[in-house]
Each structure stands twice: as C-alpha cells, then as structure tokens.
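The values are calculated or read from the model by the stated rules, or taken from the named source; none is laboratory data. This structure is a prediction, so every number in the text was calculated from the model and none was measured. All Cβ positions, glycine included, derive from the backbone under ideal geometry; neighbour counts span all protein chains shown.
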Amino acid sequence: MRGKRIFALVGIVAFLAGCASTSHAVAGNPGNGMLVIGVLLHEMNAAGQVGSGLYPVNSVAVRNLDTGQVDSIQLDSNHGIATLSAGTYCVDNVLRPNGETLSYCARPYFRVDAGKILVAGFVEFALNRPTHTYKLVGAFTNPQGLFDSLPSDAKDRLANFSETGTPAPH
C-alpha cells in the first residue's frame, strides 16, 4: 500500500509540476474540487509602501459566488488546503491571530472545478496596523513555489484526493 501511495504521490507531483494557477483533472468527486491556497500578509507603512516583514495569519475564508457559501480554511504556516464545491470563488476575508479580520471579496476571482485540484498560488495583502488599512498587492502568485513548499502530509492529501476523490483526514 505504501508503494502505491508513493507512486501516486510521485505521479501527482509530476502532474502538477509547472502549474500556474490552473486546475488539473483527477479522478475526484464529481461535485467537489480541491483548493491549495497561500496567504501572505505584508507590513505596510503609512505611505502605502510594502515592507519586508510578514504578519501571521490564522485562516482565510473563501466565498462561493454561485451559492454564497463561505468556507474557512485553516492555514498551516502560510498555506491551506480545502475540498470545496465546484464554483467561482473570491477571497472573502483573512483572520489574524489577534481576531482582526481583513474583509475583501473582490476580483480577481478563481474557479474550483469538480474533480480537479487547483493550486492557486499566494494571495498577498499589505496591512498598516496603526491605521488598519490594507490592500491587495498580489493575486495568485507563484503557484509552483506554493506547491513545492507544501509538507509531505499535505502532498499526501492531494495524492489521496486524486486517487479516491476524497481528501485524507487532516
């Protein structure tokens, strides 16, 4: 069984290599797709210039624009993986450890397709904490870097979805 999982993992890594914010077909659940998303929250000064520091983020919520359903995705370091209903989505909000919520839900939107894995890349915001102003500074950047940075257990979840259409327990 372990050999099959390793073979499947190697297959999915090869299959997703070179992805650039696109979906890749797998033998998944006909109503659900899988999303891999990263979130970076940069420091920003009062003049709106983005600094090199990063603020921690607990979760990102995505809204299905077709149904209105909002799903919260817990982040592990700076990435999250979720099984979602097929549809067009926006990043609805980002939640910081102190309870601060940065609401967004605007373009660019992304599409989760049934039976497919979308490695969306990083969504990047910049935050000025004293004024609580923030802005989008990058959308769906570096999907290959996001995929490459995933720990092996996250890649196992993707491999399991591609084999069975069901995410592995997280």
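Here are a few things to note about the model shown:
- Screening the stretch 111-157 for residues that are hydrophobic (A, V, I, L, M, F, W, C) and farther than 16 Å from Leu40 by Cβ and picking the one that is surrounded by the fewest Cβ atoms within 10 Å (Cβ to Cβ) gives Ala114.
- Those residues of the stretch 83-110 which are without any contact (Cβ under 8 Å) to a residue 60 or more places away in the chain and crowded, with 17+ Cβ neighbours inside 10 Å, in sequence order: Leu84, Ala86, Gly87, Tyr89, Cys90, Val91, Asp92, Asn93, Val94, Leu95, Tyr104
- Every test in (1) of a type in the set (Val, Ile, Thr); (2) surrounded by fewer than 16 Cβ atoms within 10 Å (Cβ to Cβ); (3) closer than 28 Å to Ala159 by Cβ is passed by Val57 save one, and that test is (2).
- Lys135 being farther than 19 Å from Gly48 by Cβ, over 12 Å from the mean Cα position of the chain (by Cα) and not polar (S, T, N, Q): no
- Counted residues, the stretch 66-101 - those being under 14 Å from Asp113 (Cα atoms), hydrophobic (A, V, I, L, M, F, W, C) and in a loop (DSSP other than H, G, I, E, B): 1
- When Gly48, Gly121 are checked against the criterion of being touching a helix residue (DSSP H, G or I) at 6+ places or on another chain (Cβ under 6 Å) and in contact (Cβ under 8 Å) with a residue 40 or more places away in the chain, a single residue qualifies: Gly121.
- Count of the stretch 54-98 residues which are at pLDDT below 95 and small (Gly, Ala, Ser): 1
- Candidate set: the stretch 109-141, residues that are assigned to a loop (DSSP other than H, G, I, E, B) and either charged (D, E, K, R) or modelled with pLDDT of 95 or more (or both); chosen: the one nearest to Ser85 (Cα to Cα): Asp113
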